[in-house]
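Just so it is clear, none of the values below were taken in a lab; they were calculated from the coordinates. These numbers come from a predicted model, not from an experiment. We place every Cβ from the backbone using ideal geometry, glycine too, and count neighbours over all the protein chains shown.
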């Protein structure tokens, strides 16, 4: 009996299809506590570290229930394969290890179409390992991307399957929680970057500044993309209104929160920006506009199709504790009461995303792992 292998894509399918299996994570307890596989439905998962199998083999094997499909994940692949072989030697019959380890889950992109019948295609690329979303807008033979991650090969394959070229990437802000793929896509495809000047003024790569109210279109027409300056999460935070119907909101509007304004160390100043944005630009938006956020906190925010999208009317109603604040001081009080320590890697990621620091692929994977901490409130208000 051999230990089989599986991919992160297969794991995502099993989780969304409610397949019956046990997920065995053999990383150490610290790494498991920091970042683990999450899905839209409860996961039957246990953590038995690899070293436990080496030092206390029989005791560790006894912790794994028999008669189940066992799917193993580790840091880099080798430990999962090793533990799988131990289980097979102890009589387990359906054992598989995940290829390339937990980083494959961290980098996974799961696209889903979020519009219907408008003559163009708008896709949400869910990234369950980061609880983040990027977007792709396709019209004719061209594709625009919004906040792409460093998994550039996945976007390229997606575009190739649809017979289109990636012509432009849009950044909503200078990301702190994950490494942007825009500079990599420029090198790979020749695409152009549009990004907010206040966030990227130090950038060491070429980009077109996002100008409030400016319109972007495709060569053959199609949906318009309107730049909407929405500062607060960062001074340059920008949203993009697609076809007057879909707001790609970056880290400004979340389904069950808003973006936190304290990541730059100027919480009072940025809170004022965010309060003005929320009261003067976001709250007046038509209730029928569909918000497409850059992040989510957990899968409870997904709709019936497991897409992260909601009407502005619903978002304002569900977040009345935020959108109902009329006083700037009360808003700042809300922000301060919900402040928490930001992950230490965020400062380094910000430098990388402006081209101010270079790191190798292995360090990129390490920095990029882990769920985002970008919402102003740590827990959904439900």
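Couple of notes before you dig in:
- When each of the peptides 329-339, 43-53 is scored by the mean number of other C-beta atoms lying within 10 Å of its residues, the order from highest to lowest reads 43-53, 329-339.
- Helix 267-277 and the long axis of the chain differ in direction by around 60°, with both axes built from C-alpha atoms.
- By the helix-only formula, in which each DSSP H run with n ≥ 4 contributes -39500 (n - 2.57) and the sum is divided by residues, the chain has a 222 nm mean residue ellipticity of -8000 deg cm²/dmol.
- Three-way shape label, segment 19-61, alpha-carbon gyration tensor, a/c 1.5: oblate
- What the Cβ-Cβ distance of residue 17 and residue 201 gives, at R0 = 45 Å and to the nearest 0.05, is a FRET efficiency of 0.45.
- Each residue of segment 290-331 gets 92 Å³ once the volume of the Cα convex hull is shared out per residue.
- Degrees separating the helix 328-338 axis from the principal Cα axis of the chain, which is the longest one: 10 degrees
- From the alpha carbon centroid of segment 238-309 to that of segment 56-111 is 38 Å.
- Computed over segment 155-256, the ratio Rg/Rh where both radii use C-alpha atoms and Rh is Kirkwood: 0.95
- Listed from fewest to most Cβ neighbours within 10 Å, the set 248, 112, 255 follows the order 112, 255, 248.
- In the chain, the C-alpha radius of gyration followed by the widest Cα-Cα span (Dmax) gives 21.6, 67 angstrom.
- If both residues of a DSSP beta bridge must be in the chain, then about 55% of such bridges are antiparallel.
- Whether segment 218-259 is rounded, prolate or oblate, judged on the alpha carbon gyration tensor where a/c under 1.5 counts as rounded: oblate
- Relative contact order, whole percent, for the chain stands at 13, derived from Cα pairs under 8 Å and 6 or more residues apart.
- Compactness of segment 4-105 - radius of gyration and Dmax, Cα, Å: 12.4, 36
- Between the Cα long axis of helix 78-89 and the first principal axis of the chain there is an angle of about 40°, rounded to the nearest 10.
- Rounded to 5, the percent of DSSP beta bridges in segment 111-232 classed as antiparallel: 65 percent
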